[in-house]
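*Asks:* The following block contains the structure, expressed as structure tokens.
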């Protein structure tokens with residue numbers, strides 16, 4: 001009677017173990033993590049505009065005029081007694097992005113509508129310093145282009161689908177009201193020739209990707225586990 005009881009208990013225990021192992025086998029799979037294709041977000045303009053004298057000399061006036069793509073502009077002008085130098089930073093923040101917190105930022109593109117007036121072959125305007133603003137501070141690599149600004153209003157693009165401007169950025173960073181762009185131009189004037197910087201509008205576009213999770217369940221693993229269990233059960 002004792003042997004029968006022990007045999008029954010062993011059989012029940014073995015069956016319980018088999019069920020646990022089979023459950024574990026069924027749960028075994030391969031977790032694959034990846035990213036969707038990088039795609040542009042909506043394009044946004046800023047809502048807060050200031051002239052920051054961190055790089056000095058010529059300040060911007062009427063900075064709020066860059067809030068829309070129209071014929072209104074902010075300007076910085078050379079002076080009769082100081083006809084060459086850098087403009088202050090035109091700092092534009094408050095772009096009001098709402099990028100999902102799980103997204104990965106692939107790149108940043110900025111489009112600036114601008115022109116220079118009062119220029120000649122020798123009196124010119126060109127980029128001085130163009131960077132990101134993160135947490136209210138200018139950061140990242142300078143994206144300034146070579147070449148002179150045109151005399152007619154032109155859209156100039158900075159960055160691309162894979163450029164992060166030398167900054168580490170998270171969705172929380174770019175969704176912040178303290179995130180934005182800082183733009184400074186260089187004015188090269190002459191006596192009696194005083195160029196002017198005019199900026200009409202600045203927009204930002206983020207290129208992002210979202211993470212995806214695939215779960216692959218191996219049928220071969222299930223088959224092998226089941227075969228082992230059948231052999232054990234038939235012992």
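The values are calculated or read from the model by the stated rules, or taken from the named source; none is laboratory data. Predicted, not measured: the structure shown is a model, and the values here were computed from it. So basically every Cβ, Gly included, is an ideal-geometry build from the backbone, and we count neighbours across all protein chains shown.
*Asks:* With 62, 53 as the choices, which residue is at pLDDT 60 or above, surrounded by fewer than 13 Cβ atoms within 10 Å (Cβ to Cβ) and touching a strand residue (DSSP E or B) at 6+ places or on another chain (Cβ under 6 Å)?
*Replies:* None of the others qualify; the one that does is 62.
*Asks:* Regarding residue 204, is this residue in a loop (DSSP other than H, G, I, E, B) and under 23 Å from residue 99 (Cα atoms)?
*Replies:* no
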